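Colleague: Here it is, the structure in full.
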Amino acid sequence: MSEVNFNITTTDKVERYQQFLEQIKSCVEGETYEVSLFANVSAALKEVFNFFWVGFYLVKDNQLILGPFQGSMACSTIKFGKGVCGTAWKEKKTQVVPDVDLFPGHIACSSLSRSEIVVPLVVNGEVKAVLDIDSDKLAFFDDIDRVYLEHLADLINKTIYG
Ligand code: SME
């Protein structure tokens, strides 16, 4: 992969995601190692959107294990059905959590995290990993984030697991 300079020319959220998705394609094309891809996607999301915490947990040995991320240290394993990440894995469905304190069983890796979105990477009905993004602001994530981060998940799935 050659050097990637993101060129995001708008403050509109939808357009920012569209430009991001278009430009990240060249970063992920041809990548075959999931850890390398997760590392670069985490770095790209941090650079463009400056999320408080962004990273991946991988399904391994019947649990989620911490993968590449950008942000402060986080819990290294999460059990099936536990926390927001374990729930996304169990339900195979994106979780948008406007207030983490109101989510039963939320796992607090940082006391500064206030809201969260977790997108599962589902391939042939099997969850391979989850993309987890935290904000230090309440209700930071909405349906726009869900839709475009699910597009990103599709792109990752086709690249690595397709
Ligand atoms: N809050 C997550 C745990 C991971 S950290 O946010 C990085 C959860 O409840 O699953």
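Readers should treat all values here as calculations from the given coordinates under stated rules, not as data from a laboratory. These numbers come from a predicted model, not from an experiment. As a convention, Cβ positions derive from the backbone with ideal geometry for all residues, glycine included, and neighbour counts pool all protein chains shown.
Colleague: Could you tell me how many of the residues in segment 104-157 are within 10 Å of the ligand (Cβ to nearest atom), assigned to a strand (DSSP E or B) and not β-branched (Val, Ile, Thr)?
Modeller: 3
Colleague: For segment 148-162, name all the residues that are free of Cβ contacts under 8 Å to residues at least 40 places away in the same chain and either crowded, with 18+ Cβ neighbours inside 10 Å or farther than 18 Å from Leu37 by Cβ (or both).
Modeller: Scanning segment 148-162 gives a single hit, Ala153.
Colleague: Could you list, in sequence order, all residues of segment 39-81 that are among the hydroxyl-bearing types (Ser, Thr, Tyr) and without any contact (Cβ under 8 Å) to a residue 60 or more places away in the chain?
Modeller: Scanning segment 39-81 gives Ser42, Ser72, Ser76, Thr77.
Colleague: Could you tell me which residue of segment 45-88 is surrounded by the most Cβ atoms within 10 Å (Cβ to Cβ), considering only residues that are within 9 Å of the ligand (Cβ to nearest atom) and polar (S, T, N, Q)?
Modeller: It comes out as Thr87.
Colleague: Just the residues that are within 12 Å of the ligand (Cβ to nearest atom) and either over 17 Å from Ala153 (Cβ atoms) or touching a residue at least 12 places away in the same chain (Cβ under 8 Å) (or both), please, taken from segment 89-101.
Modeller: Result: Trp89, Gln95, Val97, Val100, Asp101.
Colleague: Identify, please: which residue in segment 96-120 is of a type in the set (A, V, I, L, M, F, W, C) and more than 17 Å from Tyr57 (Cα to Cα) and is, among those, farthest from the chain's Cα centre (by Cα)?
Modeller: The selected residue is Leu102.
Let's see how each residue does on (1) closer than 21 Å to Leu138 by Cα; (2) among the hydroxyl-bearing types (Ser, Thr, Tyr); (3) part of a helix (DSSP H, G or I):
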| site | (1), (2), (3) |
| --- | --- |
| Glu15 | no, no, yes |
| Gln18 | no, no, yes |
| Cys27 | no, no, yes |
| Val41 | no, no, yes |
| Val54 | yes, no, no |
| Leu58 | no, no, no |
| Leu64 | no, no, no |
| Gly67 | no, no, no |
| Ala74 | yes, no, no |
